[in-house]
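Take a look at the structure below.
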Amino acid sequence: LRHFRARAARFQTLHPIAFHLPFRGPWICTQADHGPTHQGPWRHAFDFEVVGEEGSKHAREGAAVEDFHCFRLPVLAAAPGTVVKVVADVADNAIGEMNVAQNWGNLVLVHHAPGLYSLYAHLARGSAKVREGQLVAAGEVLGLCGSSGRSPVPHLHFQLQATHRIGAPTLPCTFSDVVRADRLEPTCAPRLGEIVRRVE
């Protein structure tokens with residue numbers, strides 16, 4: 001208890017487990033606390049995409065999911081845990097379209113501790129690299145970024161939640177060891193428009 005309290009006071013961590021950004025390289029936060037679709041019980045979720053060297057999130061006109069820089073990039077486990085749910089058979093949407101009947105699309109749900117789960121949603125169809133019941137290490141590839149479910153453009157949706165129910169209310173989240181604006185932050189809750197990356 002003393003160790004946990006000291007760590008919480010020193011590093012401002014919100015949970016007894018350190019969570020790291022669920023991707024490699026720099027990604028931009030395109031929705032954060034109280035974003036357009038992250039309201040009420042889901043206000044603590046994050047959306048992430050990739051911005052290319054030219055400053056755009058996609059190549060050419062961005063008319064196809066394959067044009068987006070984040071499409072089919074690896075999605076990583078933010079912390080060690082056990083996979084409790086995998087959905088992998090939802091089709092990716094055409095740009096601008098959404099599948100609200102299967103809101104979360106393809107996903108992986110990982111259990112980390114009592115009352116602590118992480119959800120990775122809108123993954124690419126058939127891209128899941130893990131199975132239910134599998135133990136995963138922090139940084140292990142869970143699947144590939146896609147545009148399934150309620151996703152008009154390819155992006156990664158990440159949230160922490162207290163139960164195994166898909167779509168459960170979110171928990172506040174900070175990530176550990178984040179490089180933001182060329183500075184190493186011990187803990188960080190990315191804000192809208194910020195480019196962040198994990199320490200490799």
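The values are calculated or read from the model by the stated rules, or taken from the named source; none is laboratory data. As the structure is a computational prediction, the values presented were derived from the model and not from experiment. Counting neighbours? That spans all protein chains shown, and the Cβs are built from the backbone with ideal geometry, glycine included. Surface areas here come from the heavy atoms of the whole protein model, side chains and all, with no ligands, DNA or RNA. Shrake-Rupley method; radii C 1.70, N 1.55, O 1.52, S 1.80 Å.
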Quick check on my filter: what residues within segment 93-121 are without any contact (Cβ under 8 Å) to a residue 40 or more places away in the chain, closer than 21 Å to Cys173 by Cβ and open to solvent by 10 Å² or more (accessible area, probe 1.4 Å)? Pro114
Taking the condition of being more than 26 Å from Pro16 (Cβ to Cβ) and of a type in the set (Val, Ile, Thr), how many residues in segment 147-185 meet it? 1
Out of the residues in segment 180-198 that are in contact (Cβ under 8 Å) with a residue 40 or more places away in the chain and aliphatic (A, V, I, L, M), which is surrounded by the fewest Cβ atoms within 10 Å (Cβ to Cβ)? Leu192
How many residues, within segment 13-34, are open to solvent by less than 80 Å² (accessible area, probe 1.4 Å) and modelled with pLDDT of 80 or more? 15
What's the total number of residues in segment 146-179 that are open to solvent by 60 Å² or more (accessible area, probe 1.4 Å) and in contact with a helix residue (DSSP H, G or I) (Cβ under 6 Å, 6 or more places away or on another chain)? 2
Among the numbered criteria (1) in a strand (DSSP E or B); (2) closer than 19 Å to Arg198 by Cβ, which single criterion is violated by Val51? (1)
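Matching residues to (1) closer than 18 Å to Ala32 by Cα; (2) assigned to a strand (DSSP E or B):
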site: Arg150; (1), (2): yes, no
site: Val153; (1), (2): yes, no
site: Phe158; (1), (2): yes, yes
site: His164; (1), (2): no, no
site: Cys173; (1), (2): yes, no
site: Asp177; (1), (2): no, yes
Yes or no: segment 3-12 includes at least one residue that is open to solvent by 20 Å² or more (accessible area, probe 1.4 Å), out of contact with any helix residue (DSSP H, G or I) (no Cβ under 9 Å at 6 or more places or on another chain) and modelled with pLDDT of 85 or more. no
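Out of segment 124-136, which residues are over 24 Å from Val65 (Cα atoms) and either part of a strand (DSSP E or B) or open to solvent by 50 Å² or more (accessible area, probe 1.4 Å) (or both)? Steps first, please.
Start the filter on segment 124-136 by keeping residues that are over 24 Å from Val65 (Cα atoms), which leaves 131-136.
Passing the criteria: Arg131, Glu132, Gly133, Leu135, Val136.
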